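Data first, discussion second: the structure below is written as structure tokens.
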Amino acid sequence: MPLQYVPALPVKRGDVLGFADVASELAAEMAPLWTIPVLNAPRGEAPSEDDRLAHLSKAARYLKTLSPVGSSWIDTVHVEENPRLVREGLWEEFGLFITAAPVTGPERSPAQRALASELARSTGNGLGVRISSQEMIATDIRERVRELLRDSEVEAETVDLLLDLGSLGDPAEAIDRGGRAVEALGAMVPWRNLVLVSGAFPASSQGWQRDQVSRVPRPERSVWQAVAEQTRVGRGLVYGDYSIVHPGKAAQVSSGPVTILGKVLYTAPEEYLVVKGRAINVYGTEQMHRLAARISRHPLFRGQAFSAGEHYIADCAEQRATPGMPERWVRAGHTQHLTFVIDQLR
């Protein structure tokens, strides 16, 4: 079955469980691009080697809970200062059954590229080459990718090109940048998969009305369609997005206590619907009954039978379920989003 969709997700518990809640027959048509989040050490201290190993091992344990229904990639870009620790803490934790492919890129260190290439060859799962939005405009990007492939000694037919536009600003500029990257690299070798990923979910809820449905533009799919139509690869370009989180979530550095608001997130065909509440540590989770009802009674709500995400939102709206902490709502948000996107693409 051809790959339909690549959700780019951070390896945090709520995000992993959100993918796990997707129906298995739909999850089999997706290949998640997992990114290990940055390690935030307490009090701003530099993390020790033991801290780094524990962080990587925790990420491995989260991913091991997933049923191996399909392929995926794992990117360690935020935690790969020491590739030896990445090998010991992450990859050796999995054992031989893992179906994930390592990710590298032309800007990564020689040691990281060497480890990723070795893992790609030894596991037989292939290699992901992730090109960031900034790299796409480099004049020598073709030469750098060609050098990476030559040094990796991995067959091009087992390599996936992951073009990452990151956080979308001006859609027209993103289409131009993505189109130039696809034209430059798309036909360079017979890639196993050619993927275009972007994200438009905002980093901040500033400006949203409390207890009201706010509408946030969702241009990711139209950007992908435009790039696919204007380039020679056409339908061979796989769609990817960051689901209902900001593309920078995995790289977010905590600098101290933060105020966590109650929020219910929902994906519509052309926009995101968001209901913002108040601080959880002050107003608690009981407010989530009211916030969920704003979504479940909205004309664009697809009904509680659509996915486990809709089911949870509807149950909380009708007070049939106890509302969970913010992590539980991130989980529900991912599940409804991933289910809806794959339904759109099929």
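What are the ³J(HN,Hα) values, in whole Hz, obtained from phi via the Karplus relation 6.51 cos²θ - 1.76 cosθ + 1.60 with θ = phi - 60°, for each residue of region 172-180 in sequence order, with x given for Gly and Pro?
Each residue of region 172-180 in turn: 5, 5, 5, 5, 5, 5, x, x, 5 Hz.
Enumerate the whole-percent occupancy of each 5 Å bin, from 0 to the last occupied one, for all C-alpha pair distances of region 38-163.
Cα pair-distance distribution for region 38-163, in percent: 2, 10, 21, 21, 20, 13, 9, 4, 1, 0.
When only C-alpha pairs under 8 Å and at least 6 residues apart count, what is the relative contact order of the chain, in percent? Can you show the working numbers first?
Details: 656 pairs, mean separation 63.9, N = 346.
Averaging sequence separation for qualifying contacts and normalising by length gives 18 percent for the chain.
In whole Å, what are the extents of region 93-159 along the principal axes defined by its C-alpha atoms, from largest to smallest?
Each principal axis gives a Cα extent; for region 93-159 these are 39, 21, 20 Å.
Restrict the search to region 20-126; then list the trypsin sites (Lys or Arg not before Pro) that DSSP places in a loop and that have at most 16 other Cβ atoms within 10 Å of their Cβ.
Numbers: sites: ARG43, ARG52, LYS58, ARG61, LYS64, ARG84, ARG87, ARG108, ARG113, ARG121; in loops: ARG108.
Of the trypsin sites (Lys or Arg not before Pro), not one in the loops of region 20-126 has a Cβ with at most 16 other Cβ atoms within 10 Å.
Give, as a single signed number, the net charge of other residues whose beta carbon lies under 10 Å from the beta carbon of TRP191, with Lys and Arg counted +1 and Asp and Glu -1. Please list the in-between numbers first.
On the way: positive: ARG192; negative: GLU157, ASP160.
So the environment of TRP191 carries a net charge of -1.
From the cross-link list LYS58/LYS276; LYS12/LYS249; LYS12/LYS64, which pairs have alpha carbons spaced over 19 Å apart? Could the numbers behind the result be given before it?
Details: LYS58/LYS276 30 Å; LYS12/LYS249 10 Å; LYS12/LYS64 13 Å.
Checking Cα-Cα distances, LYS58/LYS276 exceed 19 Å.
Could you give the spread of the C-alpha atoms of region 141-276 along their three principal axes, from largest to smallest, in whole angstroms?
The Cα atoms of region 141-276 stretch 53, 36, 22 Å along their principal axes.
In whole angstrom, and with the biggest value first, how far do the Cα coordinates of the chain range along each principal axis?
57, 49, 35
Taking the chain as the reference, fit the longest principal axis to its C-alpha atoms, fit the long axis of helix 220-230 to the helix C-alpha atoms, and give the angle between the two in degrees, 0 to 90, nearest 10.
With rounding to tens, the tilt is 40 degrees.
How big is D, in µm² s⁻¹, for region 240-346 by Stokes-Einstein at 37 °C and 0.692 mPa s if Rh is the Kirkwood radius over C-alpha pairs?
Answer, rounded: 229 µm²/s.
Given H placed on each backbone N at 1.01 Å, which residues far from GLY128 in sequence or on other chains put an amide H within less than 5 Å of it?
Amide H neighbours of GLY128: VAL103, THR104, ASP160.
In debye to the nearest 20, how big a dipole does the chain give about its Cα centre with +1 on each Lys and Arg Cβ and -1 on each Asp and Glu Cβ?
Numbers: 38 positive and 42 negative charges, 193 e Å.
So the dipole magnitude of the chain works out to roughly 920 debye.
ALA8's amide H: which non-local residues (gap 5+, or another chain) put their own amide H closer than 5 Å, with H modeled 1.01 Å from N in plane and none for Pro or chain starts?
Those qualifying (amide H under 5 Å, at least 5 residues apart or on another chain) are LEU33, ASP241, TYR242, SER243.
Read the figures in this text as sums done on the coordinates, not as results from a lab. Bear in mind the structure is a predicted one, so any value in this text is a computation, not a measurement. Cβ: placed from backbone, ideal geometry, glycine included. Neighbour counts: every protein chain shown.
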